[in-house]
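Trainee: One structure is given below, represented as structure tokens, and several questions about it will come after.
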Amino acid sequence: MLGVLIQYIIPTPPPWMLLMDEKIQEANFYRVDVLLHFKLFKSIYSQSKLVCGAFPSLHTAWPSIIFFGGQYWIGKWFCLGHVCLIAFAALYSMHHYLIDILFGILLAFISCEIGKKIIEIENEEDNNDKKLKQFIIV
């Protein structure tokens, strides 16, 4: 939610949009539309309300949350590799700048740390409640 809020506060066009004079359309995914003979990405990008939302990269933030969260349902190295491949794809497809990706990863890290602190505080409160219930006679 914070990432989308930042995108609205700091509208940043993606690299492909800045190169539109050179006829690069739909974040370079027009090639997929040509391959599929179906205007999939053209229809997606034409309906978006947030056209200038490159900063921060939520493409890398979401897999980073899984990595930093520590719940590796498929393996730690797989999760790290997934983050790296998504980051590479976002750069290669000219969908994000490097700073977008780095800030997306940083945002994911900060979000996970805040979440862990909240869970830790709630667990402490539950433990304190259990200790208090031992002394209450019903």
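Each reported figure results from applying straightforward, stated rules to the coordinates on display, with no laboratory input. These numbers come from a predicted model, not from an experiment. Because the Cβ atoms are built from the backbone with ideal geometry, glycine has one as well, and the counts that use them run over all protein chains shown.
Trainee: Pairs under 7 Å by beta carbon, first residue farther than 13 Å from His59 by Cα in segment 93-117, partner of a type in the set (Val, Ile, Thr), six or more apart or different chains?
Mentor: If the second residue must be of a type in the set (Val, Ile, Thr), the pairs left are Ser111/Ile65; Cys112/Ile65.
Trainee: Still on this model: Which of the residues belonging to segment 67-102 are surrounded by 13 or more Cβ atoms within 10 Å (Cβ to Cβ) and on the phi > 0 side of the Ramachandran plot?
Mentor: Met94
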